[in-house]
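Input: a single structure, listed below in structure tokens.
The values are calculated or read from the model by the stated rules, or taken from the named source; none is laboratory data. Remember, predicted model here, so these are calculated numbers, not experimental data. Cβ: placed from backbone, ideal geometry, glycine included. Neighbour counts: every protein chain shown. These area figures cover heavy atoms from the full protein model, side chains too; ligands, DNA and RNA do not enter into them. Shrake-Rupley method; radii C 1.70, N 1.55, O 1.52, S 1.80 Å.
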Amino acid sequence: QFQLAVPVAVVFAPGSVPGDLPRPLPFRDVQEMEISVNLRPSITSRYETVYRRTTAQEEAALDVATAREADAALHPLQDASLGSMTMYVVPETSSLLPQGISVYVGKHRSALVRAGGGLAALRTRLQQLTQVMSFTASSISAALSDRVPNGQLGPDARRHLKSSLGYEITFSLLNPDPKSHAVDWDIEDAVNRYVQPILDKLSLVANFSVDSQILYYAVLGVTPRFDKESSSFLLSAHSLPHVINPVEARLGSSAASLYPVLNFLLYVPERSHSPLYIQDKDGAPVSTNAFHSPRWGGIMVYNIEAPASPQVSLPLHVDVDMVRVMEVFLAQLRLLFGLSREELPPEFLLESPGNEGLADWELDRLLWAHTVENIATVSTTLTSLAQLLDKIGNIVIKDDVASEVYQAVASAQSAMAELATGHLHLAFQASKEAVTSSERAFFDPSLLHLLYFPDDQKFAIYIPLFLPMAVPILLSLAKIVREARQRKKEPTKMD
């Protein structure tokens, strides 16, 4: 029985308090809703809302020119705990929000909501906001995708990476034609400037390692089609899945990896297939000239302008524009972690996360999904372990394995209890500990089922060994018994 409690604060600025409030401010309100996921354990969301007026400091923070400035000024004053949300209700005539915008979602854990329409309209907006900033039925279904029937999952449910304790990110430059192109990319500086800020923020979710490589003479494995009209080569959408396998054989990064590997490939087409463009399903060129593969990574095709004079000396030196490349790779990284922004009503305005690449509420949204997924994973692992132990009656369970199982159960129960009280950070940490303990128990070498044999296999192994020795012993015993019987039958000689 999952219960996800979300602490919400609704703060009314002067002139924004609706007249139809049920009680005088401040007061508390609790709303419970069941998330419709077709699973045996029901999942309930519980929004614990506190309605109050602004403090003097919050009023001063709201007395600025733009919503962005207000968001920055309010950040130190609000509840910074993970999973919490603060909604500031501003008067209908406020100039903080742009014309036609009624809801502004900032970079942190707060939003500005324009008053108007009474309490019912305000609650509708707040409900939409909680769906944006915390979790939805679809995000929970995606987290439990292994347990939900395929027909009930959205199209993007299996795009996201599975929850893991760590991830490895590999950036690869593929240069199939080094005789024609000498390609140079400053990947270290690009990772430090664009990728590291988002990984620093995601470090709460998992550990990350980043590496890069340059592969020469690595081709896509699919021959592109030449288009006479545009004098270019085209890769159609249906041929893109066939690109990955030949390339993956050259990468070699996932062979010795304990964690999922995210591959981001920059492909510089060979001179004979240049320029190369990717088409979508409708035959239109893809603006980014890139595509991504769910739970695997992404590939971007980087075309090099042909030299003006054919007599230019080869190889042609090329400096890759890392800003353009990293924009694409970061967008693909967000997609893989399920951070893509959903379609919102036109009156909603979402602030760009900026250099960090990830808003605070997006991190919370990821933690909600991963916590639920971790608990489900622990349940599946321990159930599988119990079924294994039931099948093998003579299996020996060591004390350290038993303690890991007990630890996993206790941590999972702790995670669910913390979820029910709205402590997202503690719940996530407990769910990670539960996953670690359950995996240690399940993969303990002493529980390898090959070490234990069913009784019928034991007979099959030992009978051929002992039967040849048993036959002469049994025959001798039979002979002794016969002789003993004969002695009894013979009359005793009397002198």
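The residues listed here are 331, 420, 369; of these, the one that is under 30 Å from residue 103 (Cα atoms), in the same structural domain as residue 185 (by the TED database) and of a type in the set (Gly, Ala, Ser) is 331. Kindly evaluate residue 356 against the criterion of being touching a helix residue (DSSP H, G or I) at 6+ places or on another chain (Cβ under 9 Å), over 20 Å from residue 199 (Cβ atoms) and of a type in the set (Asp, Glu). No; evaluated as a whole, the condition is false for this residue. Being part of a loop (DSSP other than H, G, I, E, B) and either touching a Ser or Thr at 6+ places or on another chain (Cβ under 6 Å) or open to solvent by 50 Å² or more (accessible area, probe 1.4 Å) (or both): is that true of residue 83 here? Here the answer is no, as residue 83 does not meet what is asked. Taking the condition in the same structural domain as residue 262 (by the TED database) and without any contact (Cβ under 8 Å) to a residue 40 or more places away in the chain, does residue 295 pass? Judged against the criteria, residue 295 is not a match. Residue count for segment 316-371 under the criterion of being surrounded by 15 or more Cβ atoms within 10 Å (Cβ to Cβ) and over 22 Å from the mean Cα position of the chain (by Cα): the result is 9.
Yes or no, residue by residue, for (1) open to solvent by 70 Å² or more (accessible area, probe 1.4 Å); (2) farther than 30 Å from residue 133 by Cβ; (3) modelled with pLDDT under 90; (4) outside any helix (DSSP H, G or I):
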site: 408; (1), (2), (3), (4): no, yes, no, no
site: 414; (1), (2), (3), (4): no, no, no, no
site: 431; (1), (2), (3), (4): no, no, no, no
site: 438; (1), (2), (3), (4): no, yes, no, no
site: 446; (1), (2), (3), (4): no, yes, yes, no
site: 456; (1), (2), (3), (4): yes, yes, yes, no
site: 466; (1), (2), (3), (4): yes, yes, yes, no
site: 473; (1), (2), (3), (4): yes, yes, no, no
site: 477; (1), (2), (3), (4): yes, yes, no, no
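Picking from 141, 164, 145, which residue would you name as being within 29 Å of residue 328 (Cβ to Cβ), modelled with pLDDT under 90 and in a helix (DSSP H, G or I)? Of the residues listed, the single one that is within 29 Å of residue 328 (Cβ to Cβ), modelled with pLDDT under 90 and in a helix (DSSP H, G or I) is 141. Among the candidates 94, 45, the residue that is crowded, with 19+ Cβ neighbours inside 10 Å, on the phi < 0 side of the Ramachandran plot and polar (S, T, N, Q) is uniquely 45. For segment 219-229, a residue qualifies if it is surrounded by 12 or more Cβ atoms within 10 Å (Cβ to Cβ), part of a loop (DSSP other than H, G, I, E, B) and out of contact with any Pro (no Cβ under 6 Å at 6 or more places or on another chain), and the qualifying residues are 220, 222, 224. Is there a residue being of a type in the set (Gly, Ala, Ser) and open to solvent by 50 Å² or more (accessible area, probe 1.4 Å) anywhere in segment 51-63? Within segment 51-63, one or more residues are of a type in the set (Gly, Ala, Ser) and open to solvent by 50 Å² or more (accessible area, probe 1.4 Å).
Mind checking which residues of segment 255-309 are open to solvent by less than 50 Å² (accessible area, probe 1.4 Å), assigned to a loop (DSSP other than H, G, I, E, B), closer than 23 Å to residue 187 by Cα and among the β-branched types (Val, Ile, Thr)? Within segment 255-309, 268, 304 qualify. Please determine, by comparing only the residues of segment 237-253 that are in a helix (DSSP H, G or I) and of a type in the set (A, V, I, L, M, F, W, C), which one is most open to solvent (accessible area, probe 1.4 Å). Applying the filter and picking the extreme gives 249.
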